[in-house]
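Structure, as structure tokens:
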Amino acid sequence: MSRELKVKQIIINILNDDERLVCLSKTHNSESMYVTLLNESQRYITFRISNHEAYSGFLSVPTFVLSKSNSLGPVIRDYLDKASWFNVDYSSYFMMSVIKHSQSHKISFQIDDLYSAFSDEKQGMVFYEVHNYHSHNKKSITANGLDEDVNQIMRKLYSTSLISSYKKGDGELLIFLSESGFRLLDIFSKNYINKFVSDYENIRWNDINLPNN
């Protein structure tokens, strides 16, 4: 039996009737797997299954070690019963949607790793948007810091693995929407798509801000 199939069986067998598996994804460069669940109250929770601890201090999801010697199911079930589950509010949906559509507007989001990005101080994590312009065969790049309310949403999404990052060749940490993020974006479109389509026309892509409620 494959490792992924074994983990999926463990997860399914411990779920309560009001819980469902939204996503089980495997990272490309390691054996780590990320699990996202959704309950009847439309709140989600994410955790990690791996053979090592997370390297980033900003990843708040817990890690459970899969081995032949431990009983993983009861340990995870105990965690699910005690942990706080998160809601996907419109601000979270809005920012995930913006990240998803950002490339078509020639912008990307990055982590400012010069500002304590991987210290133990979670409040130190700062995101910014990068604009790529091409004019007369010349490439121009500008970067803007994000407002604190946007940064707070980005920190929440990052710490619960709905968005993630990878390091480019030049060392920059580029943000992308994770598979769990894509799944929850689809699920919550029923709640928020009409509002987002309305807000989409007013997005200032060179200065991302949360829309007024």
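FYI, it's all coordinate maths here, none of it is from the lab. What you see is a predicted model; the values in this text were computed from it and never measured. Cβ placement follows ideal geometry from the backbone for every residue including glycine, while neighbour counts extend to all protein chains displayed.
Structural remarks
- Sorted by Cβ density within 10 Å, fewest first, the residues 3, 155: 3, 155
- Förster radius 41 Å - calculated FRET efficiency between residue 105 and residue 82 (Cβ-Cβ, nearest 0.05): 0.50
- Summary of the geometry: region 161-213 and region 1-40, compared by the centres of their Cα atoms, lie 23 Å apart.
- In this rough spin-label picture, where each label sits 7 Å from Cα along the Cβ direction, the residue 31-residue 147 distance is 4.6 nm.
- Remark: for residue pairs 8/156; 82/190; 26/168; 168/190, the C-alpha separation exceeds 24 Å in 8/156; 82/190; 168/190.
- Each Lys or Arg adds one and each Asp or Glu subtracts one; over the other residues with Cβ under 14 Å from the Cβ of residue 45, this totals +2.
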